[in-house]
Amino acid sequence: MGVFELFTAGLSNFANLYSILLIVGGSVIGIIFGAIPGLTATMGMAVFLPVTFTMTDIHGILFLVGIYVGSCYSGSLSAILVNIPGTPSAIATGFDGYAMAKRGEAGKAIGYATTASALGGVFGVLILMFAAPVLADFALAFSAQEYTGVALLGISIISYISFGSTLKGLIGGIFGLVLATVGQDVISAYPRFTFGSADLQAGLQMIPVMVGFFGVTEVFVKMEREVVIRRAASRIAGVLPRPGRLFQLAPLMAVSSVVGAFVGAIPAAGGAIASMAAYGIQKRLSRKSAEFGTGITEGVVAAEAANNAAVGGAFVPMLSLGIPGDPQTAILIGALMINGLAPGPMLFLTRPDLISTIYIGNVFSVVTFTVVGLAGARFFATLIRVPRHYLLPSILIFCIIGAFAIRNTLFDVWVLIVCGAAGYLLLKIGVTPAPVILGFVLGPILEDNFRRALIMSGGDWTTFVTRPISLALLLINLFILIGPALIAHLRKRRA
Amino acid sequence: MRRDAVITAFFCFLLGGFVMYDTASYPDVSGQGFGRGPAFYPRVLAGALLCFGLLSLIRALRNPRRIDPAASGAAKSSPAPEYGNIAGLMLLSIGFTLLVKPIGFFAAGFLLSFALARLIRGVTHTRRIVSDLLFSAGVILLVYVIFELFIGIRLPRAMLFL
């Protein structure tokens, strides 16, 4: 199927008001979650995932895509207004955005951030449309050995880029893999780590674990101390950007979007890495290099174009390989699995309408946040100061319902609470939740393919190195894990 | 930094050791190549955990504790963590889950929301009790409307309607 045909395959899904309301509603929820410091895109998607249970797969995915895209944009609002990024992908936005706000140019910063996010978001969808089918075709040749390598790649990368050390990221990833082994063995059906519990026979459910580690852990963290949010800087005026200035910034936005989309496509990389990379590159390339960080529109635009382009990029490995591009796409994979769909190259053949819906849904969400962001800037200035004694109980209640709604059993609520507490304790020793969740999501893929590869080869371990793609993936994994330390060691010896 | 690494190492030893111990009783299943059944994969993971734990411990022992003046200055200026809130949150969450069956989700949820709001404000804070009660009632009403009426997820009842 051609790119254009694939894009239009799902157009009919948008021919009704319900779909439009879902994508717009999801985007608005995402904007709210992304704008409020302490709430994240991942939390928003995890909390609202149970709302999709009674929807069709198309509608459920549309709703979650809206939340995802909306929240990736709106982290910039609190970064600009109060210098606290609403999402990690807005960290770089605050460098110049807040400085502009302190000078009385908050509206201008928001206007340029919104426009750059919109253009970056559209560019990301274009990359997705062209790259995903190509990668999916390539992945059709993959067997168990290659999928083992790809799953390991996801864990290696998230470990490498995790805040804190690579070693702790790896430990978190392996902990997630261990959690995924609870329940019946995929091949022999022997119960593992069930301790005689009937509830654990089916294994730990994805939603309580995800919501626990991403949602409840954050509630624990926010309970630790008050985040003092200063009054939003100055008045909000002059939001609409000047067309002439936008034209001048177009090359910068284009380059940042390219960087964002490609970094976003790296499994487990995400918008934070993408926006920092684009900001750093623009800072080097720009004639105003010395002014970056002092409050220039170039800084805001570079970061925002990249972080929204990364959204489209993150969908590439998710749809074509079934490997999450970031924690948010891990939740989308969970949503697809709940609906009995397996992300991967076969989805392009069996459900082109779903793929198309994701493409078009992205575009609709970009339009929504552009309109809401430009029109609602003043509203968000008040919203971001919701006190935590109202915010945290609400989030906790929603998390609990999310966990309960899977199987209507309180056991999943217990899992939620335990995972939330475990996530908080792991954070205390420097292990972040993202590698744990990615390990948990990738665990079944990794074990299934790893053991199948060994069964097919009759126990011959060389099967992973005799196939060229599998060997290449293993070498990339090795390089990611050992390469930086080796290079640093060699430099030290030379010095 | 050093204490983190030691605790991380012990976490790895504990988890890896437990996996090794529990999987020792799993059956060997022939015909699955080198896999040998349900214990194989968890043991590979446990082995990796034990290795990484050892690596973490070696790093902790080799690297002297470094005191970063900037970090310690920043740590002194930021408010101390409210660990009492953490313990309170844990107890309230456990209490909620235990209360759902006897008194129902909505009553338990109302109590959780109110108690948590009061905990965050501070146990000695006597003002705004009415606003916290109204807020908690509002949250539960919103939950009822969205999840029961709109989505159709039936939340647990008890003897009473709540």
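Descriptive notes on the structure:
- Taking the listed residues B:Leu91, B:Leu61, B:Leu15, B:Leu57, the one that is open to solvent by less than 90 Å² (accessible area, probe 1.4 Å), at pLDDT 85 or above, part of a helix (DSSP H, G or I) and more than 10 Å from every other protein chain (Cβ to nearest Cβ) is B:Leu57, with no other qualifying.
- Contact annotation: no residue pair with Cβ atoms under 8 Å, 6 or more positions apart or on different chains, pairs a residue in the range A:333-356 that is in contact (Cβ under 8 Å) with a residue 24 or more places away in the chain with a partner that is open to solvent by less than 10 Å² (accessible area, probe 1.4 Å) and among the aromatic types (Phe, Trp, Tyr).
- Candidates A:Val186, A:Val182: the one that is closer than 19 Å to A:Leu446 by Cβ, modelled with pLDDT of 90 or more and out of contact with any His (no Cβ under 8 Å at 6 or more places or on another chain) is A:Val182.
- Of all positions in the range B:110-118, none carries a residue that is open to solvent by 50 Å² or more (accessible area, probe 1.4 Å), more than 9 Å from every other protein chain (Cβ to nearest Cβ) and free of Cβ contacts under 8 Å to residues at least 12 places away in the same chain.
- Looking across the range B:140-159, just one residue is modelled with pLDDT of 90 or more and either open to solvent by less than 60 Å² (accessible area, probe 1.4 Å) or over 17 Å from A:Val51 (Cα atoms) (or both), and that is B:Ile140.
- Checking the range A:454-468 against the condition returns a match, with at least one residue being open to solvent by less than 50 Å² (accessible area, probe 1.4 Å), free of Cβ contacts under 8 Å to residues at least 60 places away in the same chain and assigned to a helix (DSSP H, G or I).
- Boolean, A:Ser365 is out of contact with any His (no Cβ under 9 Å at 6 or more places or on another chain) and free of Cβ contacts under 8 Å to residues at least 60 places away in the same chain: no
- Unique residue being open to solvent by 10 Å² or more (accessible area, probe 1.4 Å) and away from every other protein chain (no Cβ under 14 Å) when the list is A:Thr357, A:Thr368: A:Thr368
- Selected residue [in a helix (DSSP H, G or I) and at pLDDT below 85] from A:Leu426, A:Leu471, A:Leu438: A:Leu438
- The range A:140-172: number of residues that are facing chain B (nearest Cβ under 10 Å), within 18 Å of B:Tyr41 (Cβ to Cβ) and at pLDDT below 90: 1
- Being over 30 Å from A:Asn449 (Cβ atoms), more than 10 Å from chain A (Cβ to nearest Cβ), open to solvent by 70 Å² or more (accessible area, probe 1.4 Å) and at pLDDT 90 or above is a description that does not apply to B:Leu98.
- Residue match in the range A:204-227 (condition: touching a Lys or Arg at 6+ places or on another chain (Cβ under 9 Å), at pLDDT 85 or above, open to solvent by 40 Å² or more (accessible area, probe 1.4 Å) and part of a loop (DSSP other than H, G, I, E, B)): yes
- Which listed residue, of A:Asp460, A:Asp448, A:Asp412, is within 11 Å of chain B (Cβ to nearest Cβ) and closer than 21 Å to A:Ile155 by Cα: A:Asp448
- The range A:128-159: number of residues that are over 24 Å from A:Leu481 (Cβ atoms) and surrounded by 24 or more Cβ atoms within 10 Å (Cβ to Cβ): 2
- Where A:Val436 falls short, out of the listed (1) open to solvent by 10 Å² or more (accessible area, probe 1.4 Å); (2) aliphatic (A, V, I, L, M); (3) more than 10 Å from every other protein chain (Cβ to nearest Cβ): (1)
- Selection count, the range B:87-127, where residues are of a type outside the set (Phe, Trp, Tyr), more than 19 Å from A:Met223 (Cα to Cα) and out of contact with any helix residue (DSSP H, G or I) (no Cβ under 6 Å at 6 or more places or on another chain): 8
- Residues being of a type in the set (D, E, K, R) and under 22 Å from A:Leu204 (Cα atoms) - total across the range A:425-478: 3
The values are calculated or read from the model by the stated rules, or taken from the named source; none is laboratory data. As the structure is a computational prediction, the values presented were derived from the model and not from experiment. In this analysis, Cβ positions are derived from the backbone assuming ideal geometry, glycine residues included, and neighbour counts consider all displayed protein chains. Keep in mind that these areas ignore ligands, DNA and RNA; they rest on the heavy atoms of the full protein, side chains included. Shrake-Rupley method; radii C 1.70, N 1.55, O 1.52, S 1.80 Å.
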